[in-house]
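Right, one structure below, let's go through it.
The values are calculated or read from the model by the stated rules, or taken from the named source; none is laboratory data. Computed from a predicted structure; not experimentally measured. Cβ placement follows ideal geometry from the backbone for every residue including glycine, while neighbour counts extend to all protein chains displayed. In case anyone asks, the SASA skips ligands and DNA or RNA and just uses the protein heavy atoms, side chains included. Shrake-Rupley method; radii C 1.70, N 1.55, O 1.52, S 1.80 Å.
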Amino acid sequence: MTAIDPTAHLTAEQIEELGRELDAIRDEVIAGRGEKDAAYIRKVISAQRKLELVSRGVLLFSLFPPAWVIGTAGLSVAKIMDNMEIGHNILHGQWDWMRDPKIHSTTWEWDHVSPAAQWKHSHNELHHTYTNVLGKDNDLGYGIMRVDEDQRWHPVHLGQPLWNFVNACFFEYGIAAYDLELGKNLSKQRRKDPEFRARARAVGRKIRKQVLKDYVVHPLLSGPSFLPTLAATFTANVVRNIWSHSVIMCGHFPEGVQVFERRSIEGETRGQWYLRQMMGSANISGSRAMHFMTGNLSHQIEHHLFPDLPSNRYAEVAVRVRALFEKYELEYVSGPLPKQVFSAWRKVFRLSLPNRRTGAAGTPDREPERELVAA
Amino acid sequence: MVTTPLLPSDYLDLISPLRAGADLRGRIEAVHPETGDAATVVIRPGRGWRGHRAGQYVRVGVDVDGVRLWRAYSLTSPADRRDGRVTITVKAIPDGKVSNHLVRRVKPGTMIRLDQATGDFVLPPVKPAKVLYLTAGSGITPVMGMLRDTGFDDAVMVHCAPRPHDVIFRRELHRLVADGKLRLTEVHTATDGVLDVARLGDLVPDWAERETWACGPTGLLDAAEEHWSRHGVAERLHTERFRPGVVVAGTGGEVTFSATGRTVCADGATPLLDVGEEAGVLMPSGCRMGICFGCVTPLKAGAVRDLRTGEITEAEPGVLIQTCVSAAAGPCDIER
Ligand code: FES
């Protein structure tokens, strides 16, 4: 396919200069971290816990339909807060600098079936280091989808819109399976690997606890409201799953986001690494509430440049990062959530079919997917 | 099962942080200035507080600019204060993050973390007939706890401070003197020069017969220990040493991997992750570029420098560092 490198106009020196400018932004934010930021995360955690408590309390009366609706909505929001603004960001070490052992990447556990430790490995380490590198970053399509024209088409891909939908509904289980690298570990030999078995047992334990809490203990506490409470927790989990799946798809799937070849990252410099994060991520625009509910992953570009800066700072960092995109004439991919979700889904559908030929006049009938070739 | 993955206490803490069974916390209820740079902090400890003995100290965890820092301070309240509150008296030291925060900035209502009281700088069960207190600067704080706790028939104090207004608790001490409960000699080092312990006999002729509690800077305590043992009465002397001096950050140094028991020399530019691996120490790692937090490891002693920002991190209990982006800033001890 035609490879158009959207960064071709930059010289090696410019790329390193860009890296230095980004480092300077990072240093400034780090030097300015303080009491206000600490108060922010504490407030969010306490609000999340109160919301969850109240919502579960309301669900005790969920036999009464308005209580069901309010409780379910509250619990959905509480679960989204737990996973996004709190869990994801704490597990990135964004709040480790506070030295509060209770709000620390090494001790935090979230309301999710994938144990924090396993997720940290596959997400923080693999995805954030090898962002959008085909064959290395399995977040690209989670190993179950074709996400780039360069990947060979197979009839099995015809089903990928369906997989993607199922994955969205049960996303936390998808993530757990993915963190376990279930696909490749299910082969006869690998299944016996003691390390894999230990990790699988940990996931089993976590699932058991989560299921017991959401689908047994809380419904039982509700007595006559057993079934409505069960339905409410199930709904809240699905809502949370679809929401986080959508937000995450918007981070690297929308049109305009680059993917990279394995060999392009060999000997990558700091500047080139930054550049790859810039070209490999996409933002969601919107209100403060939108940024909050996405766990500030709406600032995906900034998050990928600085994964360990406190999330409440991404908004201010974004202004400066965007200015750098303009200065270096790069495309800052951003759009409102519906547009980005639509764009990502369109790609899922398009790539479920084999690549289309370009028109006779040589004009492609769509934006060509680009590829960054190593300098 | 009800609250997994959290514990019920995570929710209860929202409502009642000082309840029995919670992690030990305290609420600061008042801060009273003592001198220009010292203040007494009144703390209401949580229900789990097991009390203290006069002369003991407590470790407090205070959030300064959002960062939790732990320091030890002597308790200055008597052991059985009716209202259940305790006090620590803090002297602001130059560049002391926690001490300056407590003396000058902290607001009543602030929650802090507490450890249980500890330390064996305490009075014996049977009170001695004759007592000597030898103190300097904020070394008076544990002794004040003792004076407030127990009355002695024959107590003498020699206290050193630069000038009269630097003497912490001066009014209270003089009240004790007026009531005949204490004989006090103030040594004002700014005018009188430092106390020569060898000439203590000039001030307190019967010093050798007294059960002595001494607290102050290292120099004073070293001299006292030497003096007491030279006169063969070392068992009468009880000393309390403050935290050893501040770490001086340099570039590079000797790195000890204490879990493995290996020590190697490192320069100030090589990440400790590489240093450890080179030395055959099993080091956890991930991205090797500071983003995944897969390499965090406790720093037990010494100081390290963040290779990206140049920021220095000193060892304190509970401090974790990212070994892939930190280099030795002087000798340090990594728990691997
Ligand atoms: S190895 Fe990833 S942060 Fe150190």
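Side notes on the structure shown:
- Those residues of the range B:296-320 which are part of a loop (DSSP other than H, G, I, E, B) and more than 13 Å from the ligand (Cβ to nearest atom), in sequence order: B:Thr309, B:Gly310, B:Glu311, B:Ala315, B:Glu316, B:Pro317, B:Gly318, B:Val319
- Some residue of the range A:39-46 being more than 30 Å from A:Leu221 (Cα to Cα), out of contact with any Cys (no Cβ under 7 Å at 6 or more places or on another chain) and surrounded by fewer than 19 Cβ atoms within 10 Å (Cβ to Cβ): yes
- Residue ID - least open to solvent (accessible area, probe 1.4 Å), chosen from residues in the range B:311-325 that are more than 16 Å from A:Leu309 (Cα to Cα) and at the interface with chain A (Cβ under 9 Å from one of its Cβ atoms): B:Val319
- Residues that are among the hydrophobic types (A, V, I, L, M, F, W, C), assigned to a helix (DSSP H, G or I), within 20 Å of B:Leu14 (Cβ to Cβ) and in contact with a helix residue (DSSP H, G or I) (Cβ under 8 Å, 6 or more places away or on another chain) within the range A:26-68 comprise A:Ala38, A:Ile41, A:Val44, A:Ile45, A:Ala47, A:Leu51, A:Leu53, A:Val54, A:Val58, A:Leu59, listed in sequence order.
- Residue check for B:Arg230: loosely packed, with under 12 Cβ neighbours inside 10 Å, assigned by TED's automatic domain parsing to the domain that holds B:Thr141 and more than 17 Å from B:Val156 (Cα to Cα): yes
- Identification of strands (runs of 3 or more DSSP E) wholly contained in the range B:1-103 with 3 or more residues that are more than 18 Å from the chain's Cα centre (by Cα) yields B:25-35.
- In this structure, B:Phe121 qualifies as outside any strand (DSSP E or B), in contact with a Pro (Cβ under 7 Å, 6 or more places away or on another chain) and away from chain A (no Cβ under 14 Å).
- Evaluating B:Phe293 against the criteria (1) outside any strand (DSSP E or B); (2) on the phi < 0 side of the Ramachandran plot leaves one unmet condition, (2).
- The residue pairs whose first member lies in the range B:309-324 and is farther than 13 Å from A:Gly93 by Cβ, whose second member is assigned to a loop (DSSP other than H, G, I, E, B) and within 11 Å of the ligand (Cβ to nearest atom), and whose beta carbons are closer than 7 Å, counting only pairs six or more residues apart or on different chains, are B:Thr323/B:Pro271; B:Thr323/B:Met283; B:Thr323/B:Cys295.
- Filter pass, B:Thr256 being more than 16 Å from the ligand (Cβ to nearest atom) and touching a residue at least 60 places away in the same chain (Cβ under 8 Å): yes
- Among the candidates B:Glu186, B:Glu172, B:Glu209, residue that is closer than 21 Å to B:Thr89 by Cβ, open to solvent by 30 Å² or more (accessible area, probe 1.4 Å), of a type in the set (Asp, Glu) and more than 24 Å from the chain's Cα centre (by Cα): B:Glu186
- Output for the range A:240-274, where each listed residue is buried (at least 21 other Cβ atoms within 10 Å of the Cβ) and touching a strand residue (DSSP E or B) at 6+ places or on another chain (Cβ under 6 Å): A:Cys250, A:Gln258, A:Phe260
- Residue in the range A:1-29 that is nearest to A:Arg99 (Cα to Cα), counting only those that are open to solvent by 30 Å² or more (accessible area, probe 1.4 Å) and at the interface with chain B (Cβ under 8 Å from one of its Cβ atoms): A:Asp27
- Here B:Thr270 passes the criteria (1) more than 14 Å from chain A (Cβ to nearest Cβ); (2) of a type outside the set (A, V, I, L, M); (3) within 16 Å of the ligand (Cβ to nearest atom); (4) without any contact (Cβ under 8 Å) to a residue 40 or more places away in the chain except the one numbered (4).
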